[in-house]
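So the structure is just underneath, and the comments pick up after that.
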Amino acid sequence: MIKYNKKKILTVVLQLAGIALLVAVDLLIKKIVLDNIALYEKVDFIEGLFGWTYIQNTGVAWGMFDGNPQLLSVFTGVIIALGLIYLAGPFKRPLAYDIFIPVIIAGGLSNMIDRIMRGFVVDYIETLFIDFPVYNFADCLVCVGAFALVFYLIYEIIRDSKAEKLKKQGGAAHNE
């Protein structure tokens, strides 16, 4: 049987609360967009930088895998479940994992809710200073969380490699 201490329980509760808050923010923004912007309508937000454009995305990023929201929902659900199991598990892990994984889960969950409830994801952020597909806050959460996690993993690899090199150098100096 797995034993949990108060710190672990508090961490999981805070992670779940953070996920719920981020999902609520994204769903609220999507509701505002649905209530105030017509499909394909463009509204300036920050002139020359960002605008609001309501589109319906039945795929994933950039419309890939378009037209199969049920399969995408199942796949997303499995990834979310695995992430939650990992977070709830008794594993000792860096704080970065406890922050970035819930952010990724929140973005995936919010878009999955859209797919299940509407059959599509509401995208609404248009980047005007470059040619880039329309996206949403949930997409930002997934991307920022994933990039941060990848950068942290690269940092860990470099740190561990340097530590191993120093250990070998120290051992070689000790043998002389």
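Odds and ends about this structure:
- Of all the listed residues (L28, L10, L21), the sole one being assigned to a helix (DSSP H, G or I), more than 17 Å from the chain's Cα centre (by Cα) and modelled with pLDDT of 95 or more is L28.
- In the range 66-82, the residues that are surrounded by fewer than 14 Cβ atoms within 10 Å (Cβ to Cβ) and at pLDDT below 80: D66, G67, Q70, L71
- Some residue of the range 78-100 being of a type in the set (K, R) and closer than 30 Å to A38 by Cα: no
- Selection of the range 31-43 for residues being part of a loop (DSSP other than H, G, I, E, B) and touching a Ser or Thr at 6+ places or on another chain (Cβ under 8 Å) yields I37, Y40, E41.
- Residues in the range 155-170 that are over 30 Å from the mean Cα position of the chain (by Cα) and either charged (D, E, K, R) or within 23 Å of A96 (Cβ to Cβ) (or both): A163, E164, K165, L166, K167, K168.
- Subset of the range 7-44 that is touching a Gly at 6+ places or on another chain (Cβ under 9 Å) and free of Cβ contacts under 8 Å to residues at least 40 places away in the same chain - its residue that is nearest to F129 (Cα to Cα): D44
- Boolean, R159 is basic (K, R), at pLDDT below 95 and closer than 30 Å to L28 by Cα: no
- Failed condition for Y4, given (1) at pLDDT 95 or above; (2) touching a Pro at 6+ places or on another chain (Cβ under 8 Å); (3) over 14 Å from F137 (Cα atoms): (1)
- Only a single item in (1) modelled with pLDDT under 90; (2) surrounded by 11 or more Cβ atoms within 10 Å (Cβ to Cβ); (3) over 21 Å from G119 (Cα atoms) is not met by A61, and it is number (3).
The values are calculated or read from the model by the stated rules, or taken from the named source; none is laboratory data. These numbers come from a predicted model, not from an experiment. Positions of Cβ are generated from backbone atoms using ideal geometry, with glycine treated the same way; all protein chains shown enter the neighbour counts.
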